[in-house]
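Here the structure comes first, spelled out in structure tokens, and everything after it is commentary.
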Amino acid sequence: MQRLALFDLDNTLINLDEAFQTWAGEFADQYGLGCEAVDWLIALDRAGYPHREVFFGRVRDHFTLPDPVEELWSQYRGRMPHLVRCRPEVMDGLSRLRTSGWKVAIVTNGTANNQLGKIQRTGLTEAVDAYALSGVEGIRKPDTGLFEIAARRCGVDLADGGWMVGDHLVADIGGGQAAGLRTVWIDRGMWPGHEHDADHVVTDVLQAMEILQAER
Ligand SMILES: [Mg+2]
């Protein structure tokens with residue numbers, strides 16, 4: 001199988017949850033919501049409101065905020081790229097894969113400015129061969145098309161196989177398998193009791209990189 005490694009971004013290469021927690025603290029301060037608001041925001045995030053337009057609709061109603069949803073969401077998109085981090089050991093892991101002959105790309109769902117901002121500010125643009133963002137391409141994981149774009153930008157053909165690494169069972173693992181890729185699922189405890197048939201299950205992207213390095 002060709003050495004193509006596709007990685008999800010949020011909570012795979014970068015720790016979005018940590019950044020979200022920081023953002024929630026800042027947001028509660030900004031609107032004078034008190035510290036219980038931080039827990040409420042985090043609980044809502046974990047309860048599965050990934051689409052931010054829906055999320056901010058709920059937030060605005062709950063706290064009876066004066067600003068429109070679009071304004072709240074827009075502030076969030078502008079701020080998050082400044083709060084996310086990619087750990088140095090993850091950057092090193094990407095570098096080692098590329099040195100070993102792997103082509104490495106990011107395949108991520110989300111709005112263009114937010115995802116691109118995160119990739120740029122963390123330095124990931126230079127750490128990978130390519131990236132494919134749903135907000136730019138108009139196509140989302142688990143659709144095979146987004147994986148195809150990433151592979152093509154790495155100069156390889158998706159039909160020759162490779163690997164997908166991510167934390168979302170449908171978008172990353174289901175999508176990767178439908179695209180003919182082998183998969184490593186990062187289990188963060190968010191999918192209790194869900195069936196899956198990922199090739200490997202890990203709890204951290206560094207373990208996924210070790211698995212790839214051991215491939216021949
Ligand atoms: Mg993710």
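The values are calculated or read from the model by the stated rules, or taken from the named source; none is laboratory data. Just so you know, these numbers come straight off a predicted model, no measurement behind them. A quick note on method: Cβ atoms are made from the backbone with ideal geometry, for glycine too, and the neighbour counts reach across all protein chains shown.
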- Of all residues making up the range 127-172, the number that are in contact with a helix residue (DSSP H, G or I) (Cβ under 9 Å, 6 or more places away or on another chain), assigned to a helix (DSSP H, G or I) and closer than 19 Å to LYS103 by Cα: 13
- Message: Suppose we keep only residues that are over 17 Å from LEU212 (Cα atoms) and among the aliphatic types (A, V, I, L, M) within the range 159-196. Which one would you say is farthest from the ligand (Cβ to nearest atom)?
- Response: ALA159
- Number of positions in the range 68-96 that are surrounded by 14 or more Cβ atoms within 10 Å (Cβ to Cβ) and more than 30 Å from ASP129 (Cβ to Cβ): 5
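Right, ILE42: of a type in the set (Val, Ile, Thr), out of contact with any Gly (no Cβ under 9 Å at 6 or more places or on another chain) and within 16 Å of the ligand (Cβ to nearest atom) or not? Don't jump to the end; show me each part of the working.
On the way: of a type in the set (Val, Ile, Thr): yes; out of contact with any Gly (no Cβ under 9 Å at 6 or more places or on another chain): yes; within 16 Å of the ligand (Cβ to nearest atom): no.
Against the criterion (of a type in the set (Val, Ile, Thr), out of contact with any Gly (no Cβ under 9 Å at 6 or more places or on another chain) and within 16 Å of the ligand (Cβ to nearest atom)), ILE42 does not qualify.
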- Message: From the list ALA37, ALA5, ALA24, exactly one residue is crowded, with 19+ Cβ neighbours inside 10 Å, over 17 Å from the mean Cα position of the chain (by Cα), more than 13 Å from the ligand (Cβ to nearest atom) and farther than 16 Å from GLN75 by Cα. Which is it?
- Response: ALA37
- Query: Looking at (1) part of a helix (DSSP H, G or I); (2) more than 16 Å from the ligand (Cβ to nearest atom); (3) not aromatic (Phe, Trp, Tyr), which is the only condition PRO66 fails?
  - Reply: (1)
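Give the range 19-54 a look and list any residue that's in a helix (DSSP H, G or I) and without any contact (Cβ under 8 Å) to a residue 12 or more places away in the chain, or say none.
Of the range 19-54, the ones in a helix (DSSP H, G or I) are 19-30, 36-46, 52-54.
Matches in the range 19-54: ASP29, GLN30, GLU36, ASP39, ALA43, VAL54.
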- Test result for GLY176, more than 19 Å from GLY110 (Cα to Cα) and either surrounded by fewer than 19 Cβ atoms within 10 Å (Cβ to Cβ) or of a type in the set (Gly, Ala, Ser) (or both): no
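Could you check how many residues of the range 117-140 are within 16 Å of the ligand (Cβ to nearest atom) and either touching a residue at least 40 places away in the same chain (Cβ under 8 Å) or not basic (Lys, Arg) (or both)? Before you say what the answer is, go through the steps one by one.
Pass one, the range 117-140, residues within 16 Å of the ligand (Cβ to nearest atom): 118-119, 122, 124, 128, 131-135, 140.
From what is left, the residues that are either touching a residue at least 40 places away in the same chain (Cβ under 8 Å) or not basic (Lys, Arg) (or both) are 118-119, 122, 124, 128, 131-135.
Selection size over the range 117-140: 10.
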- Given the conditions (1) under 22 Å from THR111 (Cβ atoms); (2) not in a helix (DSSP H, G or I), which single one is not true for THR183? (1)
- Query: Of all residues in the range 104-124, which are small (Gly, Ala, Ser) and part of a loop (DSSP other than H, G, I, E, B)?
  - Reply: GLY110, GLY123
- Query: What do you reckon, is GLU215 without any contact (Cβ under 8 Å) to a residue 60 or more places away in the chain and more than 16 Å from the ligand (Cβ to nearest atom)?
  - Reply: no
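Just the residues that are touching a residue at least 60 places away in the same chain (Cβ under 8 Å), of a type in the set (D, E, K, R) and in contact with a Leu (Cβ under 9 Å, 6 or more places away or on another chain), please, taken from the range 55-86.
Kept after step one, since they are touching a residue at least 60 places away in the same chain (Cβ under 8 Å), are these residues of the range 55-86: 80, 83-86.
Of the ones still in play, those that are also of a type in the set (D, E, K, R) are 85.
If the condition is that a residue be touching a residue at least 60 places away in the same chain (Cβ under 8 Å), of a type in the set (D, E, K, R) and in contact with a Leu (Cβ under 9 Å, 6 or more places away or on another chain), then no residue fits.
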- Task: Report yes if some residue within the range 101-111 is modelled with pLDDT under 95, surrounded by fewer than 16 Cβ atoms within 10 Å (Cβ to Cβ) and away from the ligand (no atom under 16 Å from the Cβ); otherwise report no.
- Result: no
